[in-house]
Amino acid sequence: MSSESTRTGLPSEGRQRTLVVQRDVLAKASADAQTFRESLQHRGTLVVNLVSSPGSGKTTLLQAIARHWNQRRSMAVLVGDLETDRDAARLSPLVPTVQLTTGGACHLELPLVERGLQSLPDHAYDFLFIENVGNLVCPASHDLGEHLRMVLISVTEGDDKPGKYPKMFRNSDVLVVTKTDLLPYVPFDVQAAAEDARKIQPELSWLTVDALHDVGVEALCELLDDVRTQRVGQQA
Amino acid sequence: MHERSLTHALLRQVVALVRRDSEPEVAGPETVRAVVCQWGPLAGVEPLLMQEAFRDLAPAYLGRDSQAELVLRHVPLTVTCEACDLTWDQLDYDFRCRRCGHGVKVVRGDSLYLAEITLAEITLADKGDHGAWESATSPDSSDKVAPSGTRGDPTP
């Protein structure tokens, strides 16, 4: 460091002091997320954050969940993408949906989610799904005020993903292996993927789904109902 | 690349802490000389990208002639088993207790921590009669920390 800045007129660097902080850089964001979580909980809404690689079937899974519940549960979706409203166009015929376009950002953050929620019809939804930007890295670090984080791996991606992206699996509650109708055609070991993920997060639940053909969707919806009862304290 | 997003959060916190700690007429964010952070294997941080983001964004928060450097100290991933009270530094990503198999809790190394801020110590005497240094931020922002996506945040 230079001894003195002539441009700023600051004195010699010899005299310095240290502020000891010891605080998580995302502490404020985490506190805001907790407030959001509690606020939705009071309204009877379970917030579910869906994370995965691009193309793993998040939107298709949400379509299948909406079809399965067929308005027996009230649900809404906030769907994040860098550009376009293509996912919202697929979901909005089924459930209230707001597209969140990040304009290049690789993940969603809470202010975007809060703004999206304000754009939804005012209603005490049973479930609010947040479809995060397809990315197994950055969304892992950002608490969106969800009660449940659900990570998807499609069988076409390979069963080695958990160990390659440990933070995402460490911070998730449920693993959903998707596109299982393609298992006869691709080398994907479901047990190996689940075991790899459960080394990283021993409390992780996991199940398999073929959302295109509504296989495994009922079990997933039962799990969501159970979590809602536990976390929000109400039966839908 | 979420290091930019983390750096925005870091710099907002630095500015808020410096303003809270210092008399505004004596010292402000322009006196920051070092921002020391701790990061571990599960912090989701790539140090080179973090340094690049800090160099790029620091002038918007700490003054365009900011001399602040970012110091990143690596810490190990430390876990503890609450079932058998064993604590150790983890070398892989198997989060089951090596003794009893129970799931373990991470106690260090899974986030980016702001540890310390080093400031050049300034007194009114240092400033002299006419020696006010160049303001780090625009005059109207002297009493507030820029919220995300607004003033002082060049890439919302």
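The values are calculated or read from the model by the stated rules, or taken from the named source; none is laboratory data. Keep in mind it's a predicted model, so treat the numbers as computed, not measured. Reconstructed Cβ throughout: ideal geometry from the backbone, glycine too, with neighbour counts over all protein chains shown.
Would you please name the residue that is surrounded by the fewest Cβ atoms within 10 Å (Cβ to Cβ), looking only at residues in the range A:23-56 that are assigned to a loop (DSSP other than H, G, I, E, B) and β-branched (Val, Ile, Thr)?
Restricting attention to the range A:23-56, the residues satisfying the condition of being assigned to a loop (DSSP other than H, G, I, E, B) are A:25-26, A:43-45, A:52-56.
Those still in the list that are β-branched (Val, Ile, Thr) too: A:25, A:45.
Working: A:Val25: 27, A:Thr45: 24.
Of everything passing the filter in the range A:23-56, A:Thr45 is surrounded by the fewest Cβ atoms within 10 Å (Cβ to Cβ).
Quick one: which helices (runs of 4 or more DSSP H) lie wholly within the range A:102-214 and hold at least 2 residues that are small (Gly, Ala, Ser) and within 24 Å of A:Gln41 (Cβ to Cβ)?
Values: elements: A:110-119, A:161-164, A:166-170, A:190-200.
Where helices (runs of 4 or more DSSP H) fall fully within the range A:102-214 and carry at least 2 residues being small (Gly, Ala, Ser) and within 24 Å of A:Gln41 (Cβ to Cβ), they are A:110-119.
Hey, does the range B:140-151 have a residue that's surrounded by fewer than 16 Cβ atoms within 10 Å (Cβ to Cβ) and modelled with pLDDT of 90 or more?
Within the range B:140-151 (the criterion being surrounded by fewer than 16 Cβ atoms within 10 Å (Cβ to Cβ) and modelled with pLDDT of 90 or more), the answer is no, since none of the residues qualifies.
Please verify whether B:Arg73 is in contact with a strand residue (DSSP E or B) (Cβ under 7 Å, 6 or more places away or on another chain), facing chain A (nearest Cβ under 9 Å) and assigned to a strand (DSSP E or B), treating the condition exactly as stated.
On the way: in contact with a strand residue (DSSP E or B) (Cβ under 7 Å, 6 or more places away or on another chain): yes; facing chain A (nearest Cβ under 9 Å): no; assigned to a strand (DSSP E or B): yes.
It is false that B:Arg73 is in contact with a strand residue (DSSP E or B) (Cβ under 7 Å, 6 or more places away or on another chain), facing chain A (nearest Cβ under 9 Å) and assigned to a strand (DSSP E or B).
Residues of the range B:106-122 being surrounded by 14 or more Cβ atoms within 10 Å (Cβ to Cβ) and either more than 9 Å from every other protein chain (Cβ to nearest Cβ) or not in a strand (DSSP E or B) (or both), which ones?
Narrowing the range B:106-122 to residues surrounded by 14 or more Cβ atoms within 10 Å (Cβ to Cβ): B:106, B:108-122.
The answer is B:Arg108, B:Gly109, B:Asp110, B:Ser111, B:Leu112, B:Glu121, B:Ile122.
Among the numbered criteria (1) closer than 21 Å to B:Leu77 by Cβ; (2) touching a helix residue (DSSP H, G or I) at 6+ places or on another chain (Cβ under 9 Å); (3) basic (Lys, Arg), which one does A:Lys179 miss?
Every listed condition holds for A:Lys179 apart from (1).
Could you list, ordered by first residue, the pairs with Cβ atoms under 8 Å in which the first is in the range A:148-159 and under 10 Å from A:Ala193 (Cα atoms) and among the charged types (D, E, K, R) and the second is in a strand (DSSP E or B) and modelled with pLDDT of 95 or more, at least 6 apart or interchain?
Final answer for the pair search is A:Asp159/A:Ile153.
So B:Asp65 ticks every box in (1) out of contact with any helix residue (DSSP H, G or I) (no Cβ under 8 Å at 6 or more places or on another chain); (2) within 8 Å of chain A (Cβ to nearest Cβ) but one. Which box is left unticked?
If we test B:Asp65 against (1) out of contact with any helix residue (DSSP H, G or I) (no Cβ under 8 Å at 6 or more places or on another chain); (2) within 8 Å of chain A (Cβ to nearest Cβ), just (1) comes out false.
Which condition number does A:Ala211 fail, the rest of (1) buried (at least 17 other Cβ atoms within 10 Å of the Cβ); (2) within 30 Å of B:Ala9 (Cβ to Cβ) being met?
Checking A:Ala211 against (1) buried (at least 17 other Cβ atoms within 10 Å of the Cβ); (2) within 30 Å of B:Ala9 (Cβ to Cβ), the one that fails is (2).
What is the residue count in the range A:164-178 for residues that are without any contact (Cβ under 8 Å) to a residue 60 or more places away in the chain and within 14 Å of chain B (Cβ to nearest Cβ)? Step through it out loud before you land on a result.
Filtering the range A:164-178 for residues without any contact (Cβ under 8 Å) to a residue 60 or more places away in the chain gives A:164-167, A:169-171, A:173-175, A:177.
Retained after the next criterion (residues that are within 14 Å of chain B (Cβ to nearest Cβ)): A:164-167, A:169-171, A:173.
So the count comes out to 8.
Table: residues versus (1) surrounded by 23 or more Cβ atoms within 10 Å (Cβ to Cβ); (2) in contact with a strand residue (DSSP E or B) (Cβ under 8 Å, 6 or more places away or on another chain); (3) of a type in the set (Phe, Trp, Tyr); (4) at pLDDT below 95.
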{"site": "A:His123", "(1), (2), (3), (4)": "no, yes, no, yes"}
{"site": "A:Asp126", "(1), (2), (3), (4)": "no, yes, no, no"}
{"site": "A:Asn132", "(1), (2), (3), (4)": "yes, yes, no, no"}
{"site": "A:Gly145", "(1), (2), (3), (4)": "yes, yes, no, no"}
{"site": "A:Leu148", "(1), (2), (3), (4)": "no, yes, no, no"}
{"site": "A:Val151", "(1), (2), (3), (4)": "yes, yes, no, no"}
{"site": "A:Val155", "(1), (2), (3), (4)": "yes, yes, no, no"}
{"site": "A:Asp160", "(1), (2), (3), (4)": "no, no, no, no"}
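Could you list all residues from the range A:189-236 that are farther than 23 Å from A:Ala140 by Cβ and β-branched (Val, Ile, Thr)?
Matches in the range A:189-236: A:Val215, A:Val217, A:Thr229, A:Val232.
Quickly run through the range A:188-206 and pick out the residues that are crowded, with 19+ Cβ neighbours inside 10 Å and among the aliphatic types (A, V, I, L, M).
A:Ala193, A:Ala194, A:Ala197, A:Ile200, A:Leu204
For B:Thr31, state whether it is among the polar types (S, T, N, Q), away from every other protein chain (no Cβ under 11 Å) and over 18 Å from B:His2 (Cβ atoms).
On the way: among the polar types (S, T, N, Q): yes; away from every other protein chain (no Cβ under 11 Å): no; over 18 Å from B:His2 (Cβ atoms): yes.
Against the criterion (among the polar types (S, T, N, Q), away from every other protein chain (no Cβ under 11 Å) and over 18 Å from B:His2 (Cβ atoms)), B:Thr31 does not qualify.
B:Asp56: surrounded by 18 or more Cβ atoms within 10 Å (Cβ to Cβ) and touching a Lys or Arg at 6+ places or on another chain (Cβ under 8 Å), yes or no?
Details: surrounded by 18 or more Cβ atoms within 10 Å (Cβ to Cβ): no; touching a Lys or Arg at 6+ places or on another chain (Cβ under 8 Å): yes.
Judged against the criteria, B:Asp56 is not a match.
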